[in-house]
Amino acid sequence: MNSKRWIALIVAVVLLVFSLGFRMATSVVTADFEEMFDLQDNKFQQSVIEEGSGTNQIAVLNLDGVIQDSGENSLLDSGGYNHKRFLELLDEAGQDRTVNGIVLRVNTPGGGVVESAEIHDKVVEIQEEYEKPVYVSMGNTAASGGYYVAAPADKIVAHEATLTGSIGVIMESFNFAEFADEHGIDFNTIKSGEYKDIMSSSREMTDDERDILQAMIDDMYGDFVDVIVDGRGMPEDEVRNLSDGRVYTGSQANDNGLVDELGSMDDTIAMMKEDYDLGDARVIEYQKGFGVNQWLGGAVQNMFDSESDVNGIKDMLRESNAPRAMYLYTK
């Protein structure tokens, strides 16, 4: 075989290898990632906690972390609270005809006013539209927004050492005007209206601004009180006496009527079984699926020395947002 034929053969082999490699890469890019991460078909996962009848089920949903909508596409989603997915979990449990009751395991210091209200409304929707009981089992902390979402439950069960209550609204911001003056830092603010820079960190708040914000907080606080009055069937004056922002232990909350029983998660499930004749029910736990963002979050997290590094970045990004009202227990 002469040199020209050898060259032609080598070129043909190179072209064949290149063609096969290109097809393989295209196939991976267009199809394999969805299958690897199972993004579309299995949005949620179920695990069996207690065996029983598959036609009668109690679904357990875990509400962990600060109730805050940080967006569903964050590259730093390392598996923390995801507001959109939790609402979808509630929808799934409500619509599942094999689920006869729902237990919310609440372990949160609260969070955003709007997000807390959205969960509360979803619980009420499940009770009224699907006629399913919703019980709440409180973990270490179920305070402020955590109590807001628990208030409409058919039964609230707390551990005697649970921290709950903290009923109220808070809005905070930093003020470093004096520091800026001491260090010769000037701020140039151009605004369209007198109150456009309300709660600015670069100057003292005026009395008018404080009155405006206090009126907003009082309105949101009134909504919180109404939620407890409606959910717990308590007189408004009694709720307001309990709602000065303080936290209560589970035992104290049981004494003052904010919770119904003391007990564990297992106790809460047992109560639902007994109350609704679900002794043979299978107990399942609804969990969010594993998505690409969560995988990327884990990959990014491994680039740092510890989990606190990633959480610190997320906290800094969160704190850079404008101040907002929160149903949040802060220490």
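The values are calculated or read from the model by the stated rules, or taken from the named source; none is laboratory data. Since the structure is predicted, the reported quantities are computational estimates derived from the model, not experimental observations. Heads up, the Cβs are rebuilt from the backbone with ideal geometry, glycines too, and the neighbour counts pull from every protein chain shown.
Remarks
- Breaking point among (1) within 26 Å of SER200 (Cβ to Cβ); (2) in contact with a Phe, Trp or Tyr (Cβ under 9 Å, 6 or more places away or on another chain); (3) not charged (D, E, K, R), for ALA153: (1)
- Pairs with Cβ under 6 Å, 6+ apart, first in the range 98-121 and in contact (Cβ under 8 Å) with a residue 12 or more places away in the chain and assigned to a strand (DSSP E or B), second surrounded by 20 or more Cβ atoms within 10 Å (Cβ to Cβ) and among the hydroxyl-bearing types (Ser, Thr, Tyr): VAL103/TYR135; VAL103/SER137; VAL103/THR268; ARG105/SER137; GLY110/SER144; GLY110/TYR327; GLY110/TYR329
- For the range 122-148, a tally of residues being in a helix (DSSP H, G or I) and either farther than 12 Å from PRO109 by Cβ or free of Cβ contacts under 8 Å to residues at least 24 places away in the same chain (or both) returns 8.
- Count of the range 221-277 residues which are among the charged types (D, E, K, R), buried (at least 17 other Cβ atoms within 10 Å of the Cβ) and under 26 Å from ALA325 (Cα atoms): 1
- Hey, ALA177 more than 28 Å from the chain's Cα centre (by Cα), surrounded by 13 or more Cβ atoms within 10 Å (Cβ to Cβ) and assigned by TED's automatic domain parsing to the domain that holds ALA93 or not: yes
- Those residues of the range 154-174 which are surrounded by 24 or more Cβ atoms within 10 Å (Cβ to Cβ) and either hydroxyl-bearing (Ser, Thr, Tyr) or within 17 Å of ALA117 (Cα to Cα) (or both), in sequence order: THR162, THR164, GLY165, SER166, ILE167
- Top-ranked residue of the range 198-212 - restricted to ones that are closer than 19 Å to GLU178 by Cβ and out of contact with any helix residue (DSSP H, G or I) (no Cβ under 9 Å at 6 or more places or on another chain), ranked as surrounded by the fewest Cβ atoms within 10 Å (Cβ to Cβ): ASP207
- Considering residues of the range 95-111 that are surrounded by fewer than 22 Cβ atoms within 10 Å (Cβ to Cβ) and in contact with a helix residue (DSSP H, G or I) (Cβ under 7 Å, 6 or more places away or on another chain) only, the residue farthest from TYR327 (Cα to Cα): VAL99
- For the residues GLY222, GLY231, GLY245, the requirement of being modelled with pLDDT of 95 or more, assigned to a loop (DSSP other than H, G, I, E, B) and either of a type outside the set (Val, Ile, Thr) or in contact with a helix residue (DSSP H, G or I) (Cβ under 6 Å, 6 or more places away or on another chain) (or both) singles out GLY245.
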